[in-house]
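Read through the structure below, which is laid out as structure tokens, and then see the notes.
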Amino acid sequence: MPMPCEQVLVSIAIVTCNRRDLLARALTSAHAQSYRLLEVVLGDNASRDDTVAMVEKEWPAVKIIRLHRNIGCQPGRNIAMKNCRGKYIFNLDDDGILTRDTIECIVERFEADPDIAVIECETPPLEERPHYVVNKGKNERWIANFRGGAHAIRRSVLEKAGFFPEFPRSGSEAVMAARILDCGFRALHLPQAVMFHPSNQQETIVREAMYYAGGHYLKREVLMTPFPQCIFRGLWRSLRGLGRAVKNRCPGAYIRGVFRFFLDLPDALENRNPVTRDTMKIISFLVFNNLVNKEDILLYRGAKKMDLFRRRWRKRKVS
């Protein structure tokens with residue numbers, strides 16, 4: 001793949017806590033990129049397993065932000081991004097592995113379209129890495145949400161849309177994506193950019209994820225959705241989340257998360273900044289339609305409710 005005509009600085013931001021060996025693997029993939037004008041910024045959530053010492057020894061050029069305690073993934077990610085100098089910031093999970101030309105693909109796509117604010121990677125399971133072949137002909141698509149630890153964002157967009165809401169764990173990406181769309185930018189899934197990620201199926205990890213989901217599903221609707229739509233969307237998402245928790249055999253953790261949301265509700269109401277109803281229409285349209293052309297995103301304006309219902313029904317029947 002040809003390099004962009006004029007290279008720009010790209011920052012790779014990583015947040016970690018007590019995952020020394022996994023982090024070493026992620027840093028190795030970051031420094032093996034074909035795109036060379038890079039800086040790596042590490043936010044360390046008070047690791048106690050010699051993570052910082054290892055990074056200082058093996059990768060002395062990495063900029064390390066030492067946090068006094070484990071403040072969580074998203075707050076740590078915000079701090080790491082605020083210390084980045086690159087035109088584009090790639091948020092990399094500390095257990096993720098990038099393919100060699102991922103950053104190069106992303107920069108080339110960003111430079112070709114200034115309306116793109118976020119580019120999300122393809123994230124196949126780590127187990128597929130030995131025999132995985134990047135599908136160069138697979139279509140990119142416009143998206144309404146993105147994965148927090150496998151995407152790149154324009155630093156200039158952060159000045160307009162703000163940083164991630166500081167949820168302890170994942171879930172704030174939906175709010176961030178809604179605000180980006182509300183500012184008139186777009187988010188893109190780029191299959192040619194690949195980050196391998198291990199499958200987290202351990203019972204303790206699933207239970208923890210369900211606990212945070214119980215509160216985050218509700219909190220993000222309060223933060224971003226217009227009234228009274230936020231009430232109905234929140235209830236619907238909560239019921240769907242409870243169904244997932246029952247399927248994963250941890251409904252108790254999910255219900256505890258819901259109760260935690262009510263404790264955080266005053267803070268959520270104070271920080272409430274809903275997007276416009278038109279933006280919510282765009283989000284709904286992107287969720288239920290696989291759009292590959294830039295002009296397609298305008299189709300939602302002429303779409304009738306019954307047409308959207310038929311699309312949703314067909315998609316559920318196929319799945």
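The values are calculated or read from the model by the stated rules, or taken from the named source; none is laboratory data. In this text the structure is predicted, and so the values were computed from the model without any measurement. Virtual Cβ from ideal backbone geometry, glycine too; neighbours counted across all protein chains shown.
Is it true that residue 267 is charged (D, E, K, R) and either in contact with a Pro (Cβ under 8 Å, 6 or more places away or on another chain) or at pLDDT 80 or above (or both)? Working first, answer last.
Details: charged (D, E, K, R): yes; either in contact with a Pro (Cβ under 8 Å, 6 or more places away or on another chain) or at pLDDT 80 or above (or both): yes.
For residue 267, the condition - charged (D, E, K, R) and either in contact with a Pro (Cβ under 8 Å, 6 or more places away or on another chain) or at pLDDT 80 or above (or both) - is met.
Could you please find all residues in segment 241-258 being part of a helix (DSSP H, G or I) and in contact with a helix residue (DSSP H, G or I) (Cβ under 8 Å, 6 or more places away or on another chain)? Lay out the reasoning, then the answer.
The initial filter retains those residues of segment 241-258 that are part of a helix (DSSP H, G or I), namely 241-247, 251-258.
If the condition is that a residue be part of a helix (DSSP H, G or I) and in contact with a helix residue (DSSP H, G or I) (Cβ under 8 Å, 6 or more places away or on another chain), then 241, 242, 244, 245, 251, 253, 254, 255, 256, 257, 258 are the ones that fit.
Taken over segment 149-159, the residue count meeting the criterion of being in contact (Cβ under 8 Å) with a residue 24 or more places away in the chain, surrounded by fewer than 21 Cβ atoms within 10 Å (Cβ to Cβ) and either of a type in the set (D, E, K, R) or in contact with a Gly (Cβ under 9 Å, 6 or more places away or on another chain) (or both) is 1. In the set (1) free of Cβ contacts under 8 Å to residues at least 40 places away in the same chain; (2) under 18 Å from the mean Cα position of the chain (by Cα), the condition left unmet by residue 18 is number (2). When segment 12-35 is filtered for residues that are of a type outside the set (A, V, I, L, M, F, W, C) and either in contact with a helix residue (DSSP H, G or I) (Cβ under 8 Å, 6 or more places away or on another chain) or over 17 Å from residue 194 (Cα atoms) (or both), the ones remaining, listed by number, are 16, 18, 19, 20, 21, 33, 34, 35. Say we look at segment 17-33 and pick out the residues that are outside any helix (DSSP H, G or I) and at pLDDT 95 or above; which of these is surrounded by the most Cβ atoms within 10 Å (Cβ to Cβ)? Restricting to residues being outside any helix (DSSP H, G or I) and at pLDDT 95 or above, the top hit is 33.
Scanning segment 201-210 for any residue that is under 27 Å from residue 180 (Cα atoms) and in contact (Cβ under 8 Å) with a residue 12 or more places away in the chain turns up at least one such residue.
When residue 273 is tested against (1) assigned to a helix (DSSP H, G or I); (2) within 30 Å of residue 142 (Cβ to Cβ); (3) modelled with pLDDT of 85 or more, just one condition goes unmet, and that condition is (1). Selection of segment 36-63 for residues being crowded, with 20+ Cβ neighbours inside 10 Å and over 22 Å from residue 198 (Cβ atoms) yields only 41.
Please verify whether residue 234 is in contact with a His (Cβ under 9 Å, 6 or more places away or on another chain) and crowded, with 18+ Cβ neighbours inside 10 Å, treating the condition exactly as stated. No; evaluated as a whole, the condition is false for this residue.
Within segment 58-77, is even one residue touching a Phe, Trp or Tyr at 6+ places or on another chain (Cβ under 7 Å) and in contact (Cβ under 8 Å) with a residue 60 or more places away in the chain? Can you show your working first?
Restricting attention to segment 58-77, the residues satisfying the condition of being touching a Phe, Trp or Tyr at 6+ places or on another chain (Cβ under 7 Å) are 74, 77.
Those still in the list that are in contact (Cβ under 8 Å) with a residue 60 or more places away in the chain too: 74, 77.
Checked segment 58-77: at least one residue is touching a Phe, Trp or Tyr at 6+ places or on another chain (Cβ under 7 Å) and in contact (Cβ under 8 Å) with a residue 60 or more places away in the chain.
Does residue 185 meet the test of being of a type in the set (Phe, Trp, Tyr), under 30 Å from residue 130 (Cβ atoms) and surrounded by 13 or more Cβ atoms within 10 Å (Cβ to Cβ)?
Working: of a type in the set (Phe, Trp, Tyr): yes; under 30 Å from residue 130 (Cβ atoms): no; surrounded by 13 or more Cβ atoms within 10 Å (Cβ to Cβ): yes.
So residue 185 fails the test.
The sole residue among 103, 119 that is touching a strand residue (DSSP E or B) at 6+ places or on another chain (Cβ under 7 Å), touching a residue at least 60 places away in the same chain (Cβ under 8 Å) and under 25 Å from residue 20 (Cβ atoms) is 103.
Answer yes if at least one residue in segment 61-81 is at pLDDT 95 or above, in contact with a helix residue (DSSP H, G or I) (Cβ under 6 Å, 6 or more places away or on another chain) and closer than 23 Å to residue 100 by Cβ, and no otherwise. Checked segment 61-81: at least one residue is at pLDDT 95 or above, in contact with a helix residue (DSSP H, G or I) (Cβ under 6 Å, 6 or more places away or on another chain) and closer than 23 Å to residue 100 by Cβ.
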